[in-house]
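The values are calculated or read from the model by the stated rules, or taken from the named source; none is laboratory data. This one's a predicted model, so the numbers in the text were calculated from it and none came from an experiment. Counting neighbours? That spans all protein chains shown, and the Cβs are built from the backbone with ideal geometry, glycine included.
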Amino acid sequence: MRDKNSIPDDIKPYVHNITSKKLDWRLTTPDAYNQCAGFSQVYMNAIWSPNFTFRGNGNVTAEAVAKVTGVKVTTTPKAGAVFSSDRPNHTGVVLHVLANGDLIIANQNAVKSGQNAGTSKDYEITF
């Protein structure tokens, strides 16, 4: 887990896309605000336009995004995709898949952002 402001130089080229997106936190549902699902919703709205109003945990998020975008749910990570994990029902966005298969992800309410950290309108980058 790294602070998004102290990302190593060799990783920076892969995380530029999140800082170039306008994350409009007003577009998340109140029950998801400061939660992982809210971050995924806001990020997907920045990419696809404000079409996401799903409610639920991470396990619902990937399915809801797939339904709106027509993208198939898969177990193969891809940059720009929403992920869902079993930590418990966590979700976020895959920013990049490294050659060795490791992921660089953006998410909220894991450790350093969102409700768990007592912050709002924030996210963290993990790699």
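Hey, PHE54 hits all of (1) in contact with a helix residue (DSSP H, G or I) (Cβ under 8 Å, 6 or more places away or on another chain); (2) at pLDDT 80 or above but one; which does it fall short on?
(2)
Return yes when ALA46 is modelled with pLDDT under 85, in a helix (DSSP H, G or I), surrounded by 13 or more Cβ atoms within 10 Å (Cβ to Cβ) and within 15 Å of the chain's Cα centre (by Cα) and no when it is not.
Working: modelled with pLDDT under 85: yes; in a helix (DSSP H, G or I): yes; surrounded by 13 or more Cβ atoms within 10 Å (Cβ to Cβ): yes; within 15 Å of the chain's Cα centre (by Cα): yes.
It is true that ALA46 is modelled with pLDDT under 85, in a helix (DSSP H, G or I), surrounded by 13 or more Cβ atoms within 10 Å (Cβ to Cβ) and within 15 Å of the chain's Cα centre (by Cα).
I want to confirm something. Restricting to the stretch 49-81 and keeping residues that are in a loop (DSSP other than H, G, I, E, B) and in contact with a strand residue (DSSP E or B) (Cβ under 6 Å, 6 or more places away or on another chain), which single residue is farthest from THR28 (Cα to Cα)?
Keep residues of the stretch 49-81 that are in a loop (DSSP other than H, G, I, E, B), which gives 49-57, 70-81.
This time we only want the ones that are in contact with a strand residue (DSSP E or B) (Cβ under 6 Å, 6 or more places away or on another chain), so: 77, 79, 81.
Details: PRO77: 24, ALA79: 22, ALA81: 18 Å.
In this case the residue turns out to be PRO77.
Of all the residues that make up the stretch 80-105, how many are under 13 Å from PHE127 (Cβ atoms), without any contact (Cβ under 8 Å) to a residue 40 or more places away in the chain and within 15 Å of the chain's Cα centre (by Cα)?
Here the count works out to 4.
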